[in-house]
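> Sharing a structure below in structure tokens format, with a few things to ask.
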Amino acid sequence: MLMDVIKQGARARALGRPRDACPHPADSRERRAWYEGYDGSTWDFAERVPHPAVTARSTATRNGAVEPTLV
């Protein structure tokens, strides 16, 4: 679970371990979560990508009708 990985990162910082001591592979969710715990920060919302179904629905209503544009 990612919450456990975040706690591991926070614990590593509290114990004085260096930031580059992260045991998780590069470009993995676990590594980002470990750094989040180590740094005490959260992932930037701008880095998150919405699910394609949500993006496609942004131009239509729930019943599938296209919303009218205001002139």
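The values are calculated or read from the model by the stated rules, or taken from the named source; none is laboratory data. Owing to the predicted nature of the structure, the values given are computational and were not obtained by experimental measurement. Here the Cβ positions follow ideal geometry from the backbone for every residue, glycine too, while neighbour counts run over all protein chains shown. These accessible areas exclude ligands, DNA and RNA; they are computed on the full protein's heavy atoms, side chains included. Shrake-Rupley method; radii C 1.70, N 1.55, O 1.52, S 1.80 Å.
> Report every pair of residues separated by at least 6 positions or lying on different chains whose Cβ atoms are under 8 Å apart, first residue within the stretch 22-42 and in contact (Cβ under 8 Å) with a residue 12 or more places away in the chain and under 10 Å from V5 (Cβ atoms), second open to solvent by less than 40 Å² (accessible area, probe 1.4 Å) and hydroxyl-bearing (S, T, Y).
Listed pairs, sorted by first residue: C22/Y38.
> Tell me the residue from R11, R31 that is open to solvent by 60 Å² or more (accessible area, probe 1.4 Å), modelled with pLDDT of 90 or more and either in a loop (DSSP other than H, G, I, E, B) or of a type outside the set (A, V, I, L, M, F, W, C) (or both), please.
R11
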